[in-house]
Structures are given as C-alpha cells and as structure tokens.
Amino acid sequence: MATSRSSRKRIRQNLRRNLYNRTVKSAVKTAIKRFSAALAAKDVEKAKKEFVAAVTRLDRAGARKIFHSNTVSRTKSRMAARLNALASAK
C-alpha cells in the first residue's frame, strides 16, 4: 500500500477516473451497438439517428482522451461507410 499522502491521493483519483472512463466507454459501445442493430434491421432512418448519437458520444470521448483520436476517426469512418452502403442499396 502507498505510504505518502500524495500517492494515496493519486490512487483515489485513479479509481474515480477509472470508474468515469468505464461508464463513458460503455455508453459509446452501447450507442455503436444500437447503430449496428438499426443497420441489421435495414432501417435507414433509425440508423441515421443512431449514427448521429454514436458520433456525438465518440467525439466527446475522444475530446476527453478516453479514446485515442485515431480510434474515434476510424470508427466514425467505418460507421459512415456502412450507413452509406445501406442508404445507396435502398
């Protein structure tokens, strides 16, 4: 166990931040799953709505450095490509 006051404080901060980051990551994953479900159902309007929601959550997480910026960009790009493929197929 840590002995100095500053290291004990650092442990408390890390636990608090870890909990926050886990909740944000979970929310992002849920938004992406909802988007994928809308794609699987071939519902273009719902997929567009879920795409906007997922991109918003991804951008916020990327801005707070919870996800790397390249990961955010790659995910958004792949989601947009899947959405465009579905929209053009209809």
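Read the figures in this text as sums done on the coordinates, not as results from a lab. Values in this document were obtained by computation on a predicted structure and should not be read as measured data. Positions of Cβ are generated from backbone atoms using ideal geometry, with glycine treated the same way; all protein chains shown enter the neighbour counts.
Summary table below
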read-out	value
Of all residues making up the stretch 57-66, the number that are touching a residue at least 12 places away in the same chain (Cβ under 8 Å) and not in a helix (DSSP H, G or I)	2
Boolean, Phe51 is on the phi < 0 side of the Ramachandran plot and in a loop (DSSP other than H, G, I, E, B)	no
Residue in the stretch 17-42 that is farthest from the chain's Cα centre (by Cα), counting only those that are of a type outside the set (Gly, Ala, Ser), surrounded by 15 or more Cβ atoms within 10 Å (Cβ to Cβ) and closer than 17 Å to Asn84 by Cβ	Leu39
Pair list, Cβ under 7 Å, 6 or more apart: the stretch 67-90 residue under 22 Å from Lys25 (Cα atoms), other residue β-branched (Val, Ile, Thr)	Lys76/Val55
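Residue-wise test of (1) touching a residue at least 24 places away in the same chain (Cβ under 8 Å); (2) in contact with a strand residue (DSSP E or B) (Cβ under 7 Å, 6 or more places away or on another chain); (3) not in a helix (DSSP H, G or I).
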site: Met1; (1), (2), (3): no, no, yes
site: Ser7; (1), (2), (3): no, no, no
site: Arg17; (1), (2), (3): no, no, no
site: Lys25; (1), (2), (3): yes, no, no
site: Val28; (1), (2), (3): yes, no, no
site: Ile32; (1), (2), (3): yes, no, no
site: Leu39; (1), (2), (3): yes, no, no
site: Lys46; (1), (2), (3): no, no, no
site: Val55; (1), (2), (3): yes, no, no
